[in-house]
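Report on one structure; see the data block that follows.
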């Protein structure tokens, strides 16, 4: 509301003001007495109605979005639940289908995305979880179980995964090479090149 002062030489005092639209207009003039619902004003003033377009634009800028309002109204418990949902319903499924290039891009910013968590226990563990026989629920890549890895080009390798050496989406196996014949290391196999992983005892 914009108040423009007039001539102070004299004149009546407004006793009642009423709102009309976006601004305030005087209804009639009387003596200087006012009640608690009215506000005293200097003599000879006029009320200027703001430009509706300006008011509308200000409201749009100042008003928070519905999503922000919902977040601000959350309790701490609801906030924790929302974060768990974000991890389990968004990040984990994304990791299980993302390519190695995107996973590597996500790794440097993973703390900002997922919180203070170890990328090896979340980002990469979730990525390898697309092959259930390869991982342990809480440990990541399982070293104690022998697996057969089938690549997309048809090649097959059998051995025990080396979790310490299998970093950033590349898998190493330690097994027996029937060609040499001796114990040998196989890999690295990119997560993008692996068709399937299964345990031999599942046959």
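Any idea what the alpha-carbon Rg over 2.2 N^0.38 Å comes to for the stretch 136-202?
It is 1.05.
Given a Förster distance of 25 angstrom, what is the FRET efficiency for residue 130 paired with residue 83, based on the Cβ-Cβ distance and rounded to 0.05?
Calculated value: 0.60.
What's the ranking of 77-89, 97-109, 188-200 by average number of surrounding C-beta atoms within 10 Å, highest first?
Order by mean packing, descending: 188-200, 97-109, 77-89.
Round to the nearest 0.05 the FRET efficiency obtained for residue 198 and residue 105 when R0 = 41 Å and r is the Cβ-Cβ distance.
After rounding to 0.05, the efficiency reads 0.90.
Kindly state, to the nearest 0.05, the FRET efficiency for residue 143 paired with residue 76, given R0 = 30 Å and r defined as their beta-carbon distance.
0.15
Subtract the Cα-Cα distance of residue 151 and residue 164 from 0.36 nm times their separation in residues, and report this length gain in nm to one decimal.
Between residue 151 and residue 164, full extension yields 2.6 nm more.
Values in this text are rule-based calculations from the coordinates and carry no lab data. Please read these numbers as outputs of a predicted model, since none were measured by experiment. Cβ coordinates were reconstructed from backbone atoms using ideal geometry, including for glycine residues, and neighbour counts include every protein chain displayed.
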